[in-house]
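The values are calculated or read from the model by the stated rules, or taken from the named source; none is laboratory data. Just so we're clear, the structure is a prediction, and the values are computed from it rather than from any experiment. Methodologically, a virtual Cβ is constructed for each residue, glycine included, from the backbone with ideal geometry; neighbour enumeration extends over all protein chains shown.
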Amino acid sequence: MARYIGPVEKIERRFGVSLNLKGERRLAGKSALEKRPFAPGQHGQKKGKSSEYGLQLNEKQKAKFMYGLSEKQFANLFKLARRMSGNTGFNIIALLERRLDNVVYRMGFATTRAGARQIVTHGHVLVDGQPVNIPSMKLKAGQAVSIVEGKKNNSQIQKSLELTKQTGIVEWVSVDKDSMSGVFTRVPDRKEVNIPIEERLIVELYSK
């Protein structure tokens with residue numbers, strides 16, 4: 001299954017939670033979820049009881065859409081998380097948060113992860129001073145991320161920095177917005193990652 005490119009606010013309404021898929025509208029308090037907090041479609045306001053499998057699938061789908069992964073990418077990420085030492089559920093979240101496109105988003109250079117992925121693929125990002133155009137690159141603690149010199153006046157990046165200034169930056173990255181650079185300081189603890197995902201259900205889904 002390819003990466004989803006359809007109307008993203010319908011996805012948020014389907015799950016009933018914000019997945020930060022629509023940056024500027026969300027930051028302005030104008031997201032469709034706030035206006036219509038029910039699933040899209042003729043029967044969207046009717047609530048049915050989900051099966052155990054349905055709950056597990058929902059959590060995987062939420063994580064997949066939130067971080068912008070294809071079905072194959074997410075399956076491969078789970079396999080990697082399971083091979084790592086420690087809790088598999090936490091490993092999934094840690095691997096997702098270490099992705100370069102996610103770190104660019106966390107630093108405020110884009111208002112959505114999709115926007116951050118575009119910045120990376122267009123070659124606007126340096127990692128430790130070297131150009132990188134692979135959004136799925138996993139960063140290590142201490143690695144520096146910056147916007148290339150010729151793109152620091154990019155209107156979209158400038159607007160993102162202004163919009164995200166009020167939301168604050170997560171504790172596991174440090175950012176100098178004047179120089180448009182930052183450092184991925186460490187892998188976050190699970191309790192620091194405020195996302196509406198129960199990774200335990202994802203592990204249960206893939207462990208069947």
* Scan the range 96-113 for residues that are over 27 Å from MET84 (Cβ atoms) and either in contact with a Cys (Cβ under 6 Å, 6 or more places away or on another chain) or hydrophobic (A, V, I, L, M, F, W, C) (or both) and jot them down. => PHE109, ALA110
* From (1) aliphatic (A, V, I, L, M); (2) within 30 Å of ASN154 (Cβ to Cβ); (3) surrounded by 20 or more Cβ atoms within 10 Å (Cβ to Cβ), pick out the condition that doesn't hold for ALA81. => (2)
* Asked: Do we have GLY108 as surrounded by fewer than 13 Cβ atoms within 10 Å (Cβ to Cβ) and on the phi > 0 side of the Ramachandran plot here?
  -> no
* Only one of (1) at pLDDT 95 or above; (2) of a type outside the set (D, E, K, R); (3) out of contact with any His (no Cβ under 6 Å at 6 or more places or on another chain) fails for THR111. Which number is that? -> (1)
* To do: Please report, ordered by residue number, the strands (runs of 3 or more DSSP E) entirely within the range 114-208 with at least 3 residues that are surrounded by fewer than 17 Cβ atoms within 10 Å (Cβ to Cβ) and in contact (Cβ under 8 Å) with a residue 24 or more places away in the chain.
  => none
* To do: Return only the number of the condition from (1) within 22 Å of LYS64 (Cβ to Cβ); (2) outside the structural domain of MET84 (by TED's automatic domain parsing); (3) β-branched (Val, Ile, Thr) that ILE147 does not satisfy.
  => (1)
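Which of the following residues is in the same structural domain as SER174 (by TED's automatic domain parsing) and either in a helix (DSSP H, G or I) or over 19 Å from ARG190 (Cβ atoms) (or both): ALA81, ALA110?
That would be ALA110, the only listed residue that is in the same structural domain as SER174 (by TED's automatic domain parsing) and either in a helix (DSSP H, G or I) or over 19 Å from ARG190 (Cβ atoms) (or both).
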* Residue check, VAL120 in the same structural domain as SER181 (by TED's automatic domain parsing), of a type outside the set (Lys, Arg) and more than 16 Å from LEU69 (Cα to Cα) -> no
